[in-house]
Amino acid sequence: MNEKIEQVLQEMEQVIFGKRKQCLLTLATLLSGGNLLLEDVPGVGKTTLALTLAKTLDLSFGRIQCTPDTLPGDITGYSTVNMHTGELVFHEGPVMNHILLADEINRTSPKTQASLLEVMQERQVTVEGRTMAVPEPFMVIATENPIEFSGTYQLPEAQLDRFLMRISMGYPEKEEEQAMMAQSLAGDPKARVQQVLSREEVLAMQEEVRNIPVSEAIRSYILNIVRNTRESRSLTLGASPRATLALMAAAQAWAYLEGHDYVLPEDVLAVAEPVLAHRLVLSLDASLQNATAQGVLTECIRTAPVPPVLK
């Protein structure tokens, strides 16, 4: 593994205990130029993960605490009239940062959620007829609580498809929670997190990830998995072509993090569930039989022939 990446992980693990896989998936999302959805119950470290990642990087950070009355302008920016000159003055929204945290995104209205669609896909925002590119690198990290439904708005499939990955934190093991308690007694662990990567280094790593070779056999493997989801009778909505590209990009990033010179089948398998599961919609019959998207995806992966390890 890259020495700098290991340093980033060490800094993150001062705060996020026992969640190296989640930290690696977050880094893979960033390095592949994607967006991340953190879905889990309250208090397991979703927001802390986003804040800690930002602190290890020389990147600007913006946060939106989503509520039912959050407006699109609160995210993208808005104009006001200068009372002295009568001129319109544009105020940039938090979207004009490298990392944007949309906390509890499912608490805000569909109209406000939709204000993120353009920037998540095209890395630009259009406000009052004015189009502006966001700084690079750019990443949206959104959190949501899948348990509480009161006062929430379900994310539409079009928006879910724009998240490269969806991951859950899960509860820590007993030993890890004990270490967390001891660390907390010594002071706020986030205050001790040090910056490791500069903006230029992050951009350089993203370029290196894009240059990781993906053989024709691996591309066929990815395509077979995706097409299996479209042909499954347990699903009314399979993975999109955007998902195909997302899985390939995520596999390149995982190969980079693992120190592989090219993408291996194991790299594809490592990221397939967080990349694809949230894009799938179960059929009514499958739902009535208590099937899960993850279970159906597992079968789609199992029936895709694994290619030989060739460059």
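The values are calculated or read from the model by the stated rules, or taken from the named source; none is laboratory data. As the structure is a prediction and not an experimental result, all values here were calculated from the model. Virtual Cβ from ideal backbone geometry, glycine too; neighbours counted across all protein chains shown.
The set of residues in the stretch 282-311 that are farther than 19 Å from Leu245 by Cα, surrounded by 13 or more Cβ atoms within 10 Å (Cβ to Cβ) and among the hydrophobic types (A, V, I, L, M, F, W, C) comprises Leu282, Ala286, Ala291, Ala293, Val296. Considered as a group, the residues in the stretch 135-156 that are in contact with a strand residue (DSSP E or B) (Cβ under 9 Å, 6 or more places away or on another chain) and at pLDDT below 90 include one that is nearest to Val44 (Cα to Cα), and that residue is Asn145. Across the stretch 13-28, the qualifying residues are those that are at pLDDT below 90 and of a type outside the set (D, E, K, R), and the one among them that is surrounded by the fewest Cβ atoms within 10 Å (Cβ to Cβ) is Gln14.
The single condition from (1) closer than 19 Å to Ser32 by Cα; (2) touching a residue at least 24 places away in the same chain (Cβ under 8 Å); (3) part of a helix (DSSP H, G or I) that Ser220 fails is (1). The lone criterion from (1) surrounded by fewer than 19 Cβ atoms within 10 Å (Cβ to Cβ); (2) closer than 17 Å to Pro274 by Cβ; (3) not charged (D, E, K, R) left unmet by Leu38 is number (1). For the stretch 180-191, the set of residues classified as in contact (Cβ under 8 Å) with a residue 60 or more places away in the chain and surrounded by fewer than 14 Cβ atoms within 10 Å (Cβ to Cβ) consists of Lys190 only.
Among the candidates Val214, Val209, which residue alone is assigned to a loop (DSSP other than H, G, I, E, B), at pLDDT 95 or above and not polar (S, T, N, Q)?
Only one candidate passes the filter, namely Val214.
Restricting attention to the stretch 259-280, the residues that are exposed (fewer than 15 other Cβ atoms within 10 Å of the Cβ) and either touching a residue at least 60 places away in the same chain (Cβ under 8 Å) or of a type in the set (Gly, Ala, Ser) (or both) add up to 1.
Screening the candidates Gln121, Gln65 for the property of being touching an Asp or Glu at 6+ places or on another chain (Cβ under 6 Å) and surrounded by fewer than 20 Cβ atoms within 10 Å (Cβ to Cβ) yields one hit, Gln65. Every condition in (1) under 30 Å from Ala243 (Cβ atoms); (2) part of a loop (DSSP other than H, G, I, E, B); (3) modelled with pLDDT under 90 is met by Met83 except one, and the failing one is (1). In this structure, does Ile141 turn out to be more than 20 Å from the chain's Cα centre (by Cα), touching a residue at least 40 places away in the same chain (Cβ under 8 Å) and either surrounded by 17 or more Cβ atoms within 10 Å (Cβ to Cβ) or outside the structural domain of Asp285 (by TED's automatic domain parsing) (or both)? Considered against the rule, which asks whether it is more than 20 Å from the chain's Cα centre (by Cα), touching a residue at least 40 places away in the same chain (Cβ under 8 Å) and either surrounded by 17 or more Cβ atoms within 10 Å (Cβ to Cβ) or outside the structural domain of Asp285 (by TED's automatic domain parsing) (or both), Ile141 comes out as no.
Scanning the stretch 86-124 for residues that are touching a residue at least 40 places away in the same chain (Cβ under 8 Å), of a type in the set (Gly, Ala, Ser) and not in a strand (DSSP E or B) returns Ser109, Ala114, Ser115.
Scan the stretch 262-311 for residues that are touching a helix residue (DSSP H, G or I) at 6+ places or on another chain (Cβ under 8 Å), under 30 Å from Lys4 (Cα atoms) and among the charged types (D, E, K, R) and the total you get is 2.
Restricting Thr131, Thr152, Thr126 to residues that are assigned by TED's automatic domain parsing to the domain that holds Thr67 and surrounded by 14 or more Cβ atoms within 10 Å (Cβ to Cβ) narrows the list to Thr152.
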